[in-house]
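Working notes, beginning with the structure itself.
Rule-based calculations on the coordinates, nothing more; no lab input. Here the structure is a predicted model, which means the values were calculated and not measured. Because the Cβ atoms are built from the backbone with ideal geometry, glycine has one as well, and the counts that use them run over all protein chains shown.
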Amino acid sequence: MITVLDEGNELQIANGYWSGREKVFLNKQCVSSKWSIGGSHHIFQHKSEDSTINYEVEISLRWHWFGKYVVVRKNGSIIFTDK
């Protein structure tokens, strides 16, 4: 599981390489869950007291098909990648 900290928010990403079940948690609550072999996009919003944050989590296979990579975007800007 990959953990990304972002200004007090904790994103946890389970890429489901062997099971195919991808899950994204925001502050310990599941905000997106999909079944995928080749990867997928998870898009969700987090509303705080003064703003709305748009998150996008991209999970995809590496070019050699061994493992997956993750890209996390916040309001369109990359905040984490292990690509």
### Query
Rounded to the nearest 20 Debye, what is the dipole magnitude of the chain about its Cα centre when Lys and Arg each give +1 and Asp and Glu each give -1 at the C-beta?
400
### Message
Under the 0.36 nm per residue contour assumption, what length would be gained going from the current alpha-carbon distance of Glu49 and Leu5 to full extension?
### Response
14.0 nm
### Task
When you have a sec, figure out the Kirkwood radius of the chain from all distinct Cα pair distances and drop it here in Å to one decimal?
12.9
### Message
With a 10 Å cut-off between alpha carbons and a GNM built on the chain, which of Lys34, Lys47, Lys23 moves the most?
### Response
Lys47
### Task
Pick out which of Ser51, Ser33, Ser19 has the largest mean-square fluctuation in a Gaussian network model of the chain, springs linking Cα atoms closer than 10 Å.
Ser51
### Query
What are the ³J(HN,Hα) values, in whole Hz, obtained from phi via the Karplus relation 6.51 cos²θ - 1.76 cosθ + 1.60 with θ = phi - 60°, for each residue of the range 68-80 in sequence order, with x given for Gly and Pro?
10, 10, 10, 10, 10, 10, 10, 6, x, 9, 6, 10, 7
